[in-house]
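Worksheet: the structure to be examined is printed underneath.
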Amino acid sequence: MSWSTNGGSTWSEPVTVDERQYQLTNLSVGTTVRVKVQAILGEGLYSAPATCTFHINTPLQYLDISGDTQTCINYTVLTGSEGTLAAGWYVADGTISFDHQLNTSGDFHLILKDGAVMRIGTEQSPANGYGIYANGHSISIHGQSTGEHRGQLWINATRNGIYTRSGNLEISSGEVHAKSPIHYSDGIYIEGGSISMTNAVVTAEGEISGITSYGGNIALTNCKVTATGNYYGIVADGADVIISGGQVTSTGTSYYGITASGSIILSWNAPTDFIEASSYSADGTITLAKAFTDGDGNIYSGVIDNEEDGTYAIDGKKLLPYIGDANGDDVVTIADVVMVVSYLVNGVEPEGFNFDQADVDGSGIVDATDLRAIVDMILAQP
């Protein structure tokens, strides 16, 4: 078999023809590849015309779970007709709809291009079964950016929206909505694996829980997450729940908003972060790695002990970062804004000025950026 291109180059190396693997190198997007095929039939050597189509992908950037930009070249653009997907990378581009369950036969990686809207089922006609199902494989979903144009995945299914067995789930920077309010289902259910989300927008709603990991940690970093279930919001069965920054709302109507067989660790990274759970439960400890306030003058930090009745002081509270309390009265109000303005205008610390609390961004100076952050915190209060 010989190969030639419109640039005059030739190869005798192997691309996929029938079941044999061939590889062409140094091709650019738009290159035309011509193929000459000779086939041995019986004892004779015959030449036969062949029509071969090659699609050379444009390199596609995406954000990984660490928030770093990566490039993917080998991928398949989804059409909406696929049923079972082999291991590999797939792309949702534009508007694409599936009316059925998507199965994976290997690790499944999905890139949501900016502006893309991918739907599996609808609220009126949910996909029968799971939305995305991976048996023994992992799922990763990636966006290209973190702004308002990030790609979206909407799932409505009669069983779990996203379900993996013996695999992990990663969602980085994309926007994912998984809804499965039918009997004994979860929005996202990962069995025998962990859940990691970074810089993502996720809503998950299920009849049992919004998000459940059975046997692996749930780690949410700088995400906007809303998890709702008739029983639980977020569940780590046999593991930990770790929330580091972002805006997280988790509601379990009958039982717990956030529950873990291990520990629950809560922290914040930005002044506008918050965590609000209807209630908490942990076999291990519940630890606030940074100080929070509920906006009513109560400050919480370190290990939170449960009360005699098994409840926690932070149950049902909207936990806000304890920062910006420039006058040290344990609440962040317009009085703190006035004190910071006085410091900025006069260049001297007013009486009772708490410099460390006023330095919201930790830059070592108190400036207009800190002032704006305090205003944003006040506006975000309930």
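For this structure, a couple of remarks:
- Residues that are touching a residue at least 24 places away in the same chain (Cβ under 8 Å), in contact with a Phe, Trp or Tyr (Cβ under 9 Å, 6 or more places away or on another chain), surrounded by 15 or more Cβ atoms within 10 Å (Cβ to Cβ) and more than 17 Å from W268 (Cα to Cα) within the stretch 326-380 comprise A326, N327, V340, F353, V366, listed in sequence order.
- Residues located in the stretch 107-126, provided they are in a strand (DSSP E or B) and either open to solvent by less than 50 Å² (accessible area, probe 1.4 Å) or of a type outside the set (K, R) (or both): F108, H109, L110, I111, L112, V117, M118, I120
- Selection over the stretch 310-320 of residues that are under 25 Å from the mean Cα position of the chain (by Cα), open to solvent by 30 Å² or more (accessible area, probe 1.4 Å) and among the aliphatic types (A, V, I, L, M) gives a count of 0.
- Number of residues in the stretch 49-106 that are modelled with pLDDT of 95 or more, β-branched (V, I, T), exposed (fewer than 13 other Cβ atoms within 10 Å of the Cβ) and over 26 Å from T122 (Cβ atoms) equals 2.
- Boolean, I323 is on the phi < 0 side of the Ramachandran plot, open to solvent by less than 30 Å² (accessible area, probe 1.4 Å) and β-branched (V, I, T): yes
- For the stretch 343-366, the candidate set comprises residues that are hydrophobic (A, V, I, L, M, F, W, C) and outside any loop (DSSP other than H, G, I, E, B); within that set, the residue that is farthest from D330 (Cα to Cα) is V345.
- Taking residues in the stretch 90-116 that are under 8 Å from G151 (Cα atoms), and partners anywhere that are open to solvent by 10 Å² or more (accessible area, probe 1.4 Å) and of a type in the set (D, E), the pairs with Cβ atoms closer than 6 Å and at least 6 places apart or on different chains are K113/D93; A116/D93.
- Within the stretch 134-146, none of the residues are under 20 Å from E205 (Cβ atoms) and either modelled with pLDDT under 95 or not β-branched (V, I, T) (or both).
- Residue count, the stretch 151-190 (criterion: surrounded by fewer than 24 Cβ atoms within 10 Å (Cβ to Cβ) and in a loop (DSSP other than H, G, I, E, B)): 10
- Failed item in (1) crowded, with 21+ Cβ neighbours inside 10 Å; (2) closer than 20 Å to L220 by Cβ, with T146 passing the rest: (1)
The values are calculated or read from the model by the stated rules, or taken from the named source; none is laboratory data. This structure is a prediction, so every number in the text was calculated from the model and none was measured. With ideal geometry, Cβ positions are generated from the backbone for all residues, glycine too; neighbour counts draw on all protein chains shown. Surface accessibility is based on the protein's heavy atoms, side chains included, excluding ligands, DNA and RNA. Shrake-Rupley method; radii C 1.70, N 1.55, O 1.52, S 1.80 Å.
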